[in-house]
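Laboratory data are not the source of any read-out in this text; all were calculated from the coordinates shown. The structure presented is a predicted model; accordingly, all values stated were derived computationally and were not measured. Please note: Cβ atoms are built from the backbone with ideal geometry, for glycine as well, and neighbour counts cover all protein chains shown.
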Amino acid sequence: MKQAEGVMTLAEMKEFASFGAATQRYIRRSLDIGLDRDDALARWSRDVVEAASIRAQARHYQMLTVLRDNVPEDSGLDSVEPFLAPLITLAAFDLGQGRLTSFGAYRFLYERLVGAEVRPWLPSAFCAAAALPHLHPELRRKLLQSISEAAATASGWSARQPAFFPYWVEKVDSSGALPA
């Protein structure tokens, strides 16, 4: 069992490493905000524009508590709207930031923000958010083309919680020079 967990964690690390630098940075920042890990504003803002973006993201991410508490246990239509509408709104915000440029990056982030139980709902929320008119047509095209047929039509989803949660790592001086 432990070996399988290690293999899955390594696969999650490899998936994260496959994302571009801007996507990795946005995922780490989002996890800091959504999981209340650190002072995201102090850590991630490089200028006033980014500080405003982080504040807006923190306001939107207040919905996460409601989402985590209301993930539907079945696909009955009566339980979909109260959950899916806020999930689409949150996804629309994140996709509108332009840093999550594929379904894989979106899924990676949201599995960690909400939990494994959100997996069945991610394709529909992603497609709805990616098709909204606030996104540039080229970004809409890129996003919608990034979801595979297998992801869009899956008949089942893993209940295994993610194990790897990327975190800020301080840069290390690799020049070999020793501090004075």
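Here is how the numbers come out for the structure above:
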quantity: For the chain: relative contact order, % (alpha-carbon pairs under 8 angstrom, 6 or more apart); calculated: 25 percent
quantity: Karplus (6.51, -1.76, 1.60) ³J(HN,Hα), θ = phi - 60°, over the range 51-65, in Hz, Gly and Pro reported as x; calculated: 4, 5, 5, 5, 4, 5, 5, 4, 5, 5, 6, 4, 5, 4, 4
quantity: Dimensionless Rg ratio for the chain, taking C-alpha atoms and the 2.2 N^0.38 Å reference; calculated: 1.10
quantity: Note, ³J(HN,Hα) from phi for the range 139-156, Karplus 6.51, -1.76, 1.60, rounded to Hz, x at Gly and Pro; calculated: 5, 4, 4, 4, 5, 5, 6, 7, 8, 6, 4, 4, 5, 6, 10, 4, 8, x
quantity: Inter-centroid distance (Cα atoms) of the range 84-155 relative to the range 1-56, Å; calculated: 16 Å
quantity: Distance between modelled label sites at Asp69 and Asp36, nm, 7 Å Cα→Cβ extension; calculated: 1.2 nm
quantity: Theoretical FRET efficiency, 1/(1+(r/R0)^6), r = Cβ-Cβ of Ser155 and Leu77, R0 22 Å, to 0.05; calculated: 0.70
quantity: Per-residue HN-Hα couplings for the range 105-121 [Karplus 6.51, -1.76, 1.60; θ = phi - 60°; Hz; x = Gly/Pro]; calculated: 5, 4, 4, 4, 5, 6, 4, 8, 5, 9, x, 4, 5, 7, 3, x, 8
quantity: Proximal charge balance of Ala129 [Cβ under 13 Å; K/R count +1, D/E count -1]; calculated: +1
quantity: Segment Ala163-Arg141, length gained on full extension (0.36 nm per residue, minus Cα span); calculated: 4.8 nm
